[in-house]
């Protein structure tokens, strides 16, 4: 297992505080069926393979969490995580306009917003990345359910929050039997998307 | 959706503080492959269908969480949950001896311990329930992977932490395609086990 290094993502010319900083907060959001909870569980597990990181992964259910938007959070730190709930997000992934509208306020001004570009047409900031995750899942992998795994590929590649090897091993282990190849292909689609984006 | 009532479980003559109390903490533990995280996500989601409950579901990864034992926690309360990490457990499920040995110290003295009776042979208290979840999954459902769902059936039936309807709908929705019936059957096996136990 490689040790992750501090990684600075340059979002439209604005430096994004990377995961090497002491506390890094992530939220994956969408609606039911987008698999954001499973994606967040997998991401947390992959990060947790690094012996130098602690991770707490949470989802909340209650009045504030009900309604159409579904979400899952994680906090990663080098040291102990005393307060495991997210406070101000460093990274927000939104698969839907509703999730974007609802959670954008929780993102730090320097935070990284990643949206599904087909679903989220009103983006509240210029500091964002848009990818057609859901469309690519259908067209490139032939399976709309793997949009979440494409997003995991993008997130790990852009931020270095987990190593490629770590996220691959977790995605492979958690994929329902018979879908391992499709899930690994989806992950690769995500890696490639992020690499193209960084080359611009 | 029925509103859940306070439910007191009588464990070997000792009253167990039920889920009607303001804060109730649950940990599901085992080793990788027992599906404790997915089970905890499903339980949290089922509880969250009750508009009178708030739930935070967490898993931690880091030095303390590494090693063989896998775990997932949830906290349920009627009011706001300011501290989402578990402090003292009201209910601990242990699928393995290692998980039982590791986490029993986190259980309240009046807490409810539920173990896999085939796997956990050294039980640290008389206040416990033992069920052969893994064996029953193979023998009654024909699928060792559903032991976690049998345990969900037992837990919901024993504690009333979620309604039968709520846990059924969540298990059905989250079951991989084609396994819905096996998962619902596993849940019913769990309901029946708990009912038999309460009749003693």
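The values are calculated or read from the model by the stated rules, or taken from the named source; none is laboratory data. What you see is a predicted model, and the numbers here were worked out from it, not measured in a lab. We place every Cβ from the backbone using ideal geometry, glycine too, and count neighbours over all the protein chains shown.
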Quiz item: Are any of the residues in the stretch B:129-152 in contact with a helix residue (DSSP H, G or I) (Cβ under 6 Å, 6 or more places away or on another chain) and modelled with pLDDT under 95?
Solution: yes
Quiz item: Of the residues A:130, A:160, A:79, which is surrounded by fewer than 24 Cβ atoms within 10 Å (Cβ to Cβ) and on the phi > 0 side of the Ramachandran plot?
Solution: A:160
Practice problem: Answer yes or no: is there a residue in the stretch A:52-66 that is under 16 Å from residue A:31 (Cβ atoms) and more than 14 Å from chain B (Cβ to nearest Cβ). | Solution: no
Practice problem: Just need a number here: residues in the stretch A:149-186 that are over 18 Å from residue A:55 (Cβ atoms) and either over 13 Å from the mean Cα position of the chain (by Cα) or within 14 Å of chain B (Cβ to nearest Cβ) (or both). | Solution: 13
Quiz item: Which residue pairs have Cβ atoms under 7 Å apart, sit 6 or more places apart or on different chains, and have a first residue in the stretch A:65-86 that is more than 18 Å from residue A:115 (Cβ to Cβ) and a second that is modelled with pLDDT under 95 and exposed (fewer than 15 other Cβ atoms within 10 Å of the Cβ)?
Solution: A:77/A:22; A:78/A:22; A:78/A:52; A:79/A:22
Exercise. Name the one entry in B:186, B:166, B:173 that is out of contact with any strand residue (DSSP E or B) (no Cβ under 9 Å at 6 or more places or on another chain) and surrounded by fewer than 18 Cβ atoms within 10 Å (Cβ to Cβ).
Key: B:173
